[in-house]
Amino acid sequence: MQRRTFVKNASLALGGGMLPLAALAPAAGAASASAGAATSTAASATRGLATTLKAADWTQLREMFALSQEYVHLATFLLASHPKPVAEAIERHRHGFDVNPVEYYYMNAAAMDEAIAAAAAEYMGGRPDQVAMTDSTTMGLAMVASGLMLRPDDEVLHSEHDHYAMEQSFQLRAERTGARIRRVSLYDTPAEASVDQILSRLRAAITPATRVVAMTWVHSYSGVKLPIHAIGEMVAELNSTRDEADHILYLVDGVHGFGIEDIDVPSVGCDFFVAGTHKWLFGPRGTGVIWGSDRGWAHCRPVVPSFGAYYGVWLGYITRDQVPVGDYMTPGGFHAFDHRWALPEAFQLHLQLGKANVQQRIHELNTLTKEGLLEIDGVTLHTPLSPELSSGMVCFDYRDLDPGEVMGGLYGQGIIASTTPYRRSYARFAPSLINNEEEIERALAALASL
Ligand SMILES: Cc1ncc(COP(=O)(O)O)c(C=O)c1O
């Protein structure tokens with residue numbers, strides 16, 4: 001059953017119960033007509049972009065952002081600035097909620113859940129019902145780490161290069177349940193990492209007890225991009241020799257490849273793919289997605305009860321198998337829906353730009369940055385040069401300066417860089433679609449002058 005069909009039916013059936021429609025529309029027929037009108041208003045608003053955009057038109061794209069022109073922004077991946085179509089959608093939904101929050105929510109929630117899942121699946125591949133919503137990558141990782149059904153002796157294997165959000169999600173799970181966690185080092189010197197080294201170290205670390213392999217696509221610590229498809233193949237091969245009950249589940253923190261690399265998520269061969277959509281994708285701040293394979297979701301339980309169709313199961317109107325699994329896994333409660341509901345615009349913007357064009361452009365700018373850094377005396381580049389092993393981040397050290405000093409010195413010259421928030425920290429540039437070649441040259445010149 002489609003989310004919209006169910007929630008609409010539920011809202012009409014429940015009347016003054018779960019949904020206070022009785023107060024808004026005393027007769028079911030009236031509620032139905034009113035719901036239809038309001039639903040089509042919000043849903044159609046997400047169909048086309050407010051501004052037409054040509055594929056690969058980076059200049060026009062830059063004009064869609066309110067980002068200050070005074071700075072060269074090389075750290076927008078931390079938290080997106082909203083491009084015009086996303087900002088306009090947020091404003092439209094915010095207005096709807098401000099005018100009549102209860103009506104706007106109930107008349108549009110079902111259609112919007114459906115539109116978001118459909119837009120996500122169109123962009124990332126897979127089926128809409130396999131997509132759950134989150135507020136961030138952190139929340140998505142914590143939901144999966146906490147919700148996975150593990151047996152007492154099952155072991156989770158992740159890497160020493162993962163972000164705090166991954167490490168702590170499993171650490172907290174271990175503290176609560178005694179789950180066994182191990183970490184593997186996939187490379188010693190990031191700039192010299194190779195696909196063979198990564199795969200062989202990972203393979204050697206997997207034991208018969210390993211039940212979850214959790215990997216980060218692009219390490220924000222070093223800029224190293226893992227060969228996630230090859231890891232998927234390795235996991236599939238190992239699973240082919242195991243009993244089904246012992247199959248390894250493969251989780252990917254995909255946030256720093258999502259919105260850059262031109263892939264179809266199910267082709268990775270993973271069971272869970274978690275990504276905030278408020279970074280490279282330019283989605284609304286406070287949004288993210290989890291894609292789960294059928295096998296993955298079958299081994300996971302929600303941590304926070306869903307507020308969508310599953311509510312109807314609790315009330316006895318439908319059965320659990322009628323609820324899309326992504327809906328069941330989406331944490332419930334009221335959210336900042338004015339933001340979440342503007343997510344289709346971000347997916348559409350990226351599709352209009354063209355996924356292959358986006359990948360090519362971000363790699364072009366990152367390669368230019370790395371080549372330029374290598375020409376500056378005193379730079380130690382930590383990110384591999386090869387696009388096969390890197391993506392949108394360039395990590396480096398400069399002379400004997402602390403990364404914070406590098407960032408501060410650059411900021412004084414109008415360049416916004418970042419430092420990697422890890423125990424071993426580097427300075428970092430993250431050239432993205434809103435940058436151009438001239439800005440990269442400015443950033444490199446500013447660095448050389450420090
Ligand atoms: C690799 C990685 N995973 C997860 C996160 C957390 O992302 P979010 O802010 O969406 O929770 C970050 C933060 O940038 C990160 O670098």
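Do we have I181 as under 25 Å from the mean Cα position of the chain (by Cα) and surrounded by fewer than 22 Cβ atoms within 10 Å (Cβ to Cβ) here? Answer is yes for this residue. Here the condition is being open to solvent by less than 40 Å² (accessible area, probe 1.4 Å) and on the phi < 0 side of the Ramachandran plot; of R151, R173, it holds for R173 alone.
Scanning the stretch 159-197 for residues that are more than 16 Å from the ligand (Cβ to nearest atom), closer than 28 Å to E388 by Cβ and in a helix (DSSP H, G or I) returns A191, E192, V195, D196, Q197.
Given the structure, is S240 open to solvent by 50 Å² or more (accessible area, probe 1.4 Å), more than 16 Å from the ligand (Cβ to nearest atom) and on the phi < 0 side of the Ramachandran plot? Here the answer is yes, as S240 does meet what is asked.
Look through the stretch 354-413, keep the residues that are touching a Pro at 6+ places or on another chain (Cβ under 8 Å) and open to solvent by 50 Å² or more (accessible area, probe 1.4 Å), and return whichever of them is nearest to D188 (Cα to Cα). For the stretch 354-413, the residue satisfying everything is E388.
A single entry from A165, A204, A193 fulfils the requirement of being among the aliphatic types (A, V, I, L, M), within 29 Å of L381 (Cβ to Cβ) and without any contact (Cβ under 8 Å) to a residue 24 or more places away in the chain: A204. For the stretch 280-303, residues that are open to solvent by less than 30 Å² (accessible area, probe 1.4 Å), of a type in the set (G, A, S) and closer than 22 Å to D338 by Cα total 2.
Of the residues making up the stretch 99-118, not a single one is in contact (Cβ under 8 Å) with a residue 12 or more places away in the chain and within 16 Å of the ligand (Cβ to nearest atom).
Taking the conditions (1) open to solvent by 10 Å² or more (accessible area, probe 1.4 Å); (2) under 18 Å from E261 (Cβ atoms); (3) touching a Pro at 6+ places or on another chain (Cβ under 8 Å) in turn, S222 satisfies each one other than (1).
Selection over the stretch 247-279 of residues that are open to solvent by 10 Å² or more (accessible area, probe 1.4 Å) and within 16 Å of W297 (Cα to Cα) gives a count of 3.
Look at the stretch 65-78: where a residue is farther than 18 Å from P421 by Cβ and β-branched (V, I, T) and a partner is open to solvent by less than 20 Å² (accessible area, probe 1.4 Å) and in a strand (DSSP E or B), sitting 6+ places away or on another chain with Cβ atoms under 9 Å, you get V72/I415.
Of all residues in the stretch 326-339, those being assigned to a helix (DSSP H, G or I) and surrounded by 23 or more Cβ atoms within 10 Å (Cβ to Cβ) number 3. When the stretch 141-178 is filtered for residues that are within 18 Å of the chain's Cα centre (by Cα) and of a type in the set (D, E), the ones remaining, listed by number, are D162, E167. When the stretch 119-136 is filtered for residues that are within 12 Å of the ligand (Cβ to nearest atom) and open to solvent by less than 10 Å² (accessible area, probe 1.4 Å), only T134 remains.
The values are calculated or read from the model by the stated rules, or taken from the named source; none is laboratory data. In this text the structure is predicted, and so the values were computed from the model without any measurement. Ideal geometry is used to build each Cβ from the backbone, glycine not excepted, and the neighbour counts take in all protein chains shown. Ligands, DNA and RNA are excluded from the accessible area calculation, which covers all protein heavy atoms including side chains. Shrake-Rupley method; radii C 1.70, N 1.55, O 1.52, S 1.80 Å.
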